[in-house]
Protein chains: 4
Amino acid sequence: MLNRYDCIIVGGGVNGGSIAYHLAKKGKKVLLLEKDRLARKASGAAAGMLAAQAELEEDGPLFQLAKQSRAMFPILAEEIKDLTGIDIELVQKGMYKISITEEEEYHLKHIVDVQTRAGEQAEWLSQDEVRSREPALSNAVRGAMFIEKDGQVSAPQLSLGFLKAAAALGVEIKEYTEVTSFLFESGKVTGIQTNHGSVESEHVIVAGGAWSEQLLPKSQIPLQTYPVKGECFSVRTHQPLLTGTIFSHGCYLVPKKGGRLLVGATVQPHTFDQTVTVNGISSLLEKAKRLVPNIVHAEWEKAWAGIRPQTVDGLPYLGEHPAYEGLFVATGHYRNGILLAPITGEIITRLVEREPTPVDISAFRMERHTEKII
Amino acid sequence: MLNRYDCIIVGGGVNGGSIAYHLAKKGKKVLLLEKDRLARKASGAAAGMLAAQAELEEDGPLFQLAKQSRAMFPILAEEIKDLTGIDIELVQKGMYKISITEEEEYHLKHIVDVQTRAGEQAEWLSQDEVRSREPALSNAVRGAMFIEKDGQVSAPQLSLGFLKAAAALGVEIKEYTEVTSFLFESGKVTGIQTNHGSVESEHVIVAGGAWSEQLLPKSQIPLQTYPVKGECFSVRTHQPLLTGTIFSHGCYLVPKKGGRLLVGATVQPHTFDQTVTVNGISSLLEKAKRLVPNIVHAEWEKAWAGIRPQTVDGLPYLGEHPAYEGLFVATGHYRNGILLAPITGEIITRLVEREPTPVDISAFRMERHTEKII
Amino acid sequence: MLNRYDCIIVGGGVNGGSIAYHLAKKGKKVLLLEKDRLARKASGAAAGMLAAQAELEEDGPLFQLAKQSRAMFPILAEEIKDLTGIDIELVQKGMYKISITEEEEYHLKHIVDVQTRAGEQAEWLSQDEVRSREPALSNAVRGAMFIEKDGQVSAPQLSLGFLKAAAALGVEIKEYTEVTSFLFESGKVTGIQTNHGSVESEHVIVAGGAWSEQLLPKSQIPLQTYPVKGECFSVRTHQPLLTGTIFSHGCYLVPKKGGRLLVGATVQPHTFDQTVTVNGISSLLEKAKRLVPNIVHAEWEKAWAGIRPQTVDGLPYLGEHPAYEGLFVATGHYRNGILLAPITGEIITRLVEREPTPVDISAFRMERHTEKII
Amino acid sequence: MLNRYDCIIVGGGVNGGSIAYHLAKKGKKVLLLEKDRLARKASGAAAGMLAAQAELEEDGPLFQLAKQSRAMFPILAEEIKDLTGIDIELVQKGMYKISITEEEEYHLKHIVDVQTRAGEQAEWLSQDEVRSREPALSNAVRGAMFIEKDGQVSAPQLSLGFLKAAAALGVEIKEYTEVTSFLFESGKVTGIQTNHGSVESEHVIVAGGAWSEQLLPKSQIPLQTYPVKGECFSVRTHQPLLTGTIFSHGCYLVPKKGGRLLVGATVQPHTFDQTVTVNGISSLLEKAKRLVPNIVHAEWEKAWAGIRPQTVDGLPYLGEHPAYEGLFVATGHYRNGILLAPITGEIITRLVEREPTPVDISAFRMERHTEKII
């Protein structure tokens, strides 16, 4: 490690990687620190859905953020492939948001209506229509909202892709390096202390996922995040069971390359415990069997878990720390960390460069809770 | 490989290992051949139950064989530990054969009666009694037959233990070596041809598990075996959920060292396919949850499968091939391969030495089906 | 499995996969059988070099075969990606065939001369030139023959890509299925017997790599192949050490995506033993350190081995069995199995369709040795 | 987690496990917290040598500590086996401290003399004598100091053994739980804050290995430790290459059960980076080949690394924090963490109970450096 960098990024996940990549493209001298190994936490565990419309449903600042980020993937896929040889496995075959109950059907039809009126592509498919497109779906499926633009990527490949592309552009990466404290002078960040010595920089970006809150210096404006465990498993068949992604209440099925099918995810708030429980597997299995009965003949591959950072109001944190100039925060992406990584990298880069951001990020500033209380 | 051995053993599983070990103890010069890696098929996949009484229930040649074999484990455990440092993880805390239905209860009480009258230890435990001993059991359990002497071992450790103990006594082991044909002269075996050349010996023992039938030279007295896939999974807790082994219809739970719990096994006949299916996991999970509800909080470890050799009459094959002098067969042990390995090693050694066997093995000879037809 | 197919392919490696894929494109109903798991032997172990010019050096039937096959990769990469989502990781950044000794330099300059006169691209680079392109190379490197068109792919991804693309086109794949004998009628193949029953077909293609010889029916025209073990290892860095592939006497270094570097391969003839030896690792490490000294700072990833099928005259077998109509053989590709897979698939398809092959394959017919003896 | 415990242990390695076990035997209500998974750092990576005499050589407080700890293993092995089924794989076949140079021979003969005069068993073996006992040793070995009592165990099994035995005695274990701060009242510890909430206790023991210093509350009496990476690899043979442990300058070889041989360890100070480098593997391979030439024929298994806590004066820290009543520290064991774990558990338990310790620990108190400066 040199002693001085334009920017230091704390966190070697998908958002740290995207920030490093975008800063490096602007010619910044960047150091990225990861306390363990790259892309081993939520970024390596995620299913990789780009569910801007399926997950967020109604317009608002997060919806706009997600839409813009989703649009960045095709070009990013090419850039990352060129720089690193890594294929992020972008698939643009749409997403089916499934209704099982009459109530869900009613709700989804309403969302289709809302979104189409807002100018988004979204359409309602009857049971016959959805099952003719995805014959593996059971007849418990009443119908589906189909969203053409909600694709998916490989979360581990995207994460490594950003990080290795950043390295190719000169970013220095250090694994097994923990930040132990931040260095400040007159309210400005001047560097960090790590378990491998101190490093100077006027810009420090914390992108530590669910661990960000605990990393940050104590101040009167704390993050209000909590960890949410998600468990997943994957199976394999020679002929793919599905073409598009199936998104339903409590269970999604994401078809990956070569006949892999990823099934996720449970929602266990307030734990950093990354073990997979029998309960998690068992409940996902039940849901997946109800949606795609033929999954029972698939080969079991493996199960895993990740810890996602949720916030009290469901919005991420993106911005400069109000109490410390030069300290930036990018976390709280919850289930949208993969989807939002591209725009997150771009926004933080603009903030570092003191330029306007491509979307309004005032809803994501750290001090929003404190202000609301007032 | 030398060119000449007293005995050649074909198969590097638990029975090949036991035979090698027992022959080496008698001073024989032995070569053991394994087509893949040691202990990677059924021997490495088994749960390791020594269920002589629980599995076989009524007296007969197989029951006697099983009982004698079970009695050999304590001394073997010491011998293997001394020679190799390997602990076979013998646990002698008994087995609970569980009743869920009234019919099962009636049947098990009858078996307790039969076995005790035959001089075996076996006792009936009421629901209260069994749940006071194993508090993790659900109240779906009506009661249990408790068998004190039906212990368990680690199947992979027993298999490797036999093989490495044999190596310590001078047995030569070759992995990745396939037998392509047998060499005969005037009705006597004289050696084998392998993918690494030919080797001479007047005694060739086929202990290839479910692959034995296909290995053997074609003759008018074929084996009548078929493969049966069994799928398992394991979970972990810090405090063990169980003390003794739980044996029920379609599901057993075997407590292993350090809080591991092994759950087995499905029964899929007529396949050599070793993949684990979603169906297999799902059905075992349901059964295990019904018996031990708290298993839902355990940590998921992994799933695997093995292929067991079953025979048309449920009895193993142990003996000399009626058409080829010097060719011996030890297979068809089905779910009792671990339990029967010690006595199998001893019996084959006696046969090679042309000495009487410690139990009557006439029921296990290859030619039994042909004779019956007559 | 159905009972009847247009073609049965024996072997689930890269060549079996390519044949299946090319037959399926012609509308054939195909069954592919693999005795273990797909792409787990040499096809999954290979480094993936497309070293048509670097490996074969001088014109001849194998050189022509290799050149045509190399040219097929760009289109195949797109087809496989479209059908399966699998990226075969084709890299076209050239190959450096390195000289360390004066004798090697003299030889390589001669080969550059021979190839350029034959119309191939090849150029000689001085020490300065090669080290300015690949600064990680040591000054032990005197110079290099640079071959622009000798690229590389991921061998495991290509293998799975072919197999899964074949599945997408309707090929049925069965793992854990061993062929135990062939069925013939009046000199024509009519099907096969497997450990999961018999299947009928008038075309059976044996693409079993080093195991092909032992699979084939005994006849007066045997294959003359032998297995050659190759050991490899891989390391990782954040910034790639190399851009192009380095090919030297006894050691090659192939840069893979995301900073992986694959180092191969030892040459151990006459063994099917797939274990990696200390000797293998140790000798490769010495060679790699001499070529790229900075490899010492790279992270160790893992080591593995594969068994390649070599023939007595160094040429593969591609053609119909002279003694059995409808029985085809594709093996003996030695270190060129990945490179030759595309053309192998096309040639076998043409043979099955009784059409002319795109290259003259008379040098590769099985009966060549017998004829020569005469 | 309950809200209140007699003792909280921070660190789920071998020393945390031993402390938990010894406290639980005294009836204490104990909570053990591990930030990642149990026994995954140095405790799971160690070779398990009990090299009291071989490593420490001359009398002094650490030598006495080591000797007493070494003597505790046989009984612990039985206790752990009884409580958990885990075999710690204690081997008592002695250790050979090898001389290659004349200077080493001179030094070792001196140490034999010193130790025997101090009443310890130690003997000098000539080249012939040592090679007749360990025929795999090369003739580069001039002779060896043989220490009968310096045995070895499986470090991962001992670590898990302590931890699971503690769990069996009622200790509550929480993985993925990080301590974020300590709670104090009037100079006494009252509990801790974790990422999963706060817990009260009047006794907190920090046994976090190389991470202990960073864990502890900042005070004027800091630990003076630094991390030292050690890299290892293992190989396998059917017949063991060695019987006793070989200990030489820069390389040791420890024979494990079933023919495994563990080779360690490099010494890389001042890094927490747990990656294995090509350099590490390469230098160990060279040393191991010089000692045991036949290792080249062994099968390569795998490589790994661990981070050991070293102190500026080479002595561990064992005692109560001088600034905070009820806060205890057990770290700095460097290469003797496995050897010293039993006595560490006993000493901390005595300190918690305000009883005299079995050995004088004044040399290991935290405040020793501060005092010396004065």
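Condition check: at pLDDT 95 or above and open to solvent by 10 Å² or more (accessible area, probe 1.4 Å). Does A:Glu134 satisfy that? No; evaluated as a whole, the condition is false for this residue.
Within the stretch B:154-176, identify whether any single residue is more than 14 Å from chain D (Cβ to nearest Cβ) and either open to solvent by 20 Å² or more (accessible area, probe 1.4 Å) or not small (Gly, Ala, Ser) (or both), and answer yes or no. Looking through the stretch B:154-176, none of the residues is more than 14 Å from chain D (Cβ to nearest Cβ) and either open to solvent by 20 Å² or more (accessible area, probe 1.4 Å) or not small (Gly, Ala, Ser) (or both). Here A:Leu56, A:Leu76, A:Leu50 are screened, and the one residue that is buried (at least 18 other Cβ atoms within 10 Å of the Cβ), away from chain C (no Cβ under 14 Å) and farther than 23 Å from A:Ile246 by Cα is A:Leu76.
Within the stretch D:211-238, the set of residues being closer than 26 Å to A:Tyr176 by Cβ, in a loop (DSSP other than H, G, I, E, B) and open to solvent by 40 Å² or more (accessible area, probe 1.4 Å) comprises D:Lys218, D:Pro222, D:Gln224.
Answer yes if at least one residue in the stretch B:177-188 is within 14 Å of chain D (Cβ to nearest Cβ) and surrounded by 15 or more Cβ atoms within 10 Å (Cβ to Cβ), and no otherwise. Within the stretch B:177-188 (the criterion being within 14 Å of chain D (Cβ to nearest Cβ) and surrounded by 15 or more Cβ atoms within 10 Å (Cβ to Cβ)), the answer is yes, since at least one residue qualifies. Within this structure, A:Glu89 passes the test of being under 26 Å from C:Gln239 (Cβ atoms) and not in a helix (DSSP H, G or I). Among the candidates A:Gly27, A:Gly60, A:Gly11, the residue that is at positive phi, touching a strand residue (DSSP E or B) at 6+ places or on another chain (Cβ under 9 Å) and among the small types (Gly, Ala, Ser) is uniquely A:Gly11.
Selection within the stretch C:254-274: residues that are of a type in the set (S, T, N, Q) and buried (at least 19 other Cβ atoms within 10 Å of the Cβ). The member of this set that is nearest to the other protein chains (Cβ to nearest Cβ) is C:Gln274. Scanning the stretch D:279-311 for residues that are more than 24 Å from D:Asn139 (Cα to Cα), within 10 Å of chain C (Cβ to nearest Cβ) and aliphatic (A, V, I, L, M) turns up D:Ala303, D:Ala305.
Among the residues of the stretch D:322-349, the ones that are touching a Pro at 6+ places or on another chain (Cβ under 7 Å), open to solvent by less than 10 Å² (accessible area, probe 1.4 Å) and aromatic (Phe, Trp, Tyr) come to 0 in all.
Number of residues in the stretch B:286-301 that are touching a strand residue (DSSP E or B) at 6+ places or on another chain (Cβ under 8 Å) and in contact (Cβ under 8 Å) with a residue 40 or more places away in the chain equals 8.
Can you confirm whether C:Ala288 is assigned to a helix (DSSP H, G or I), under 24 Å from C:Leu56 (Cβ atoms) and assigned by TED's automatic domain parsing to the domain that holds C:Ala136? Yes: the conditions hold for C:Ala288.
Pairs linking a residue in the stretch D:35-51 that is touching a residue at least 24 places away in the same chain (Cβ under 8 Å) and on the phi > 0 side of the Ramachandran plot to a residue that is among the hydrophobic types (A, V, I, L, M, F, W, C) and crowded, with 24+ Cβ neighbours inside 10 Å, with Cβ atoms under 6 Å and 6 or more positions apart or on different chains, are D:Ala39/D:Leu160; D:Gly48/D:Val153; D:Gly48/D:Ala155; D:Gly48/D:Ile338. Summed over the stretch C:239-250, the residues that are in contact with a Lys or Arg (Cβ under 7 Å, 6 or more places away or on another chain), surrounded by fewer than 24 Cβ atoms within 10 Å (Cβ to Cβ) and either within 14 Å of another protein chain (Cβ to nearest Cβ) or closer than 17 Å to A:Leu169 by Cα (or both) give a count of 1.
Each residue in the stretch A:88-114 was checked for being among the polar types (S, T, N, Q) and open to solvent by 40 Å² or more (accessible area, probe 1.4 Å), and 2 pass. Quick check, is A:Lys67 part of a loop (DSSP other than H, G, I, E, B) and either touching a strand residue (DSSP E or B) at 6+ places or on another chain (Cβ under 6 Å) or open to solvent by 40 Å² or more (accessible area, probe 1.4 Å) (or both)? Answer is no for this residue.
The values are calculated or read from the model by the stated rules, or taken from the named source; none is laboratory data. Owing to the predicted nature of the structure, the values given are computational and were not obtained by experimental measurement. Because the Cβ atoms are built from the backbone with ideal geometry, glycine has one as well, and the counts that use them run over all protein chains shown. In case anyone asks, the SASA skips ligands and DNA or RNA and just uses the protein heavy atoms, side chains included. Shrake-Rupley method; radii C 1.70, N 1.55, O 1.52, S 1.80 Å.
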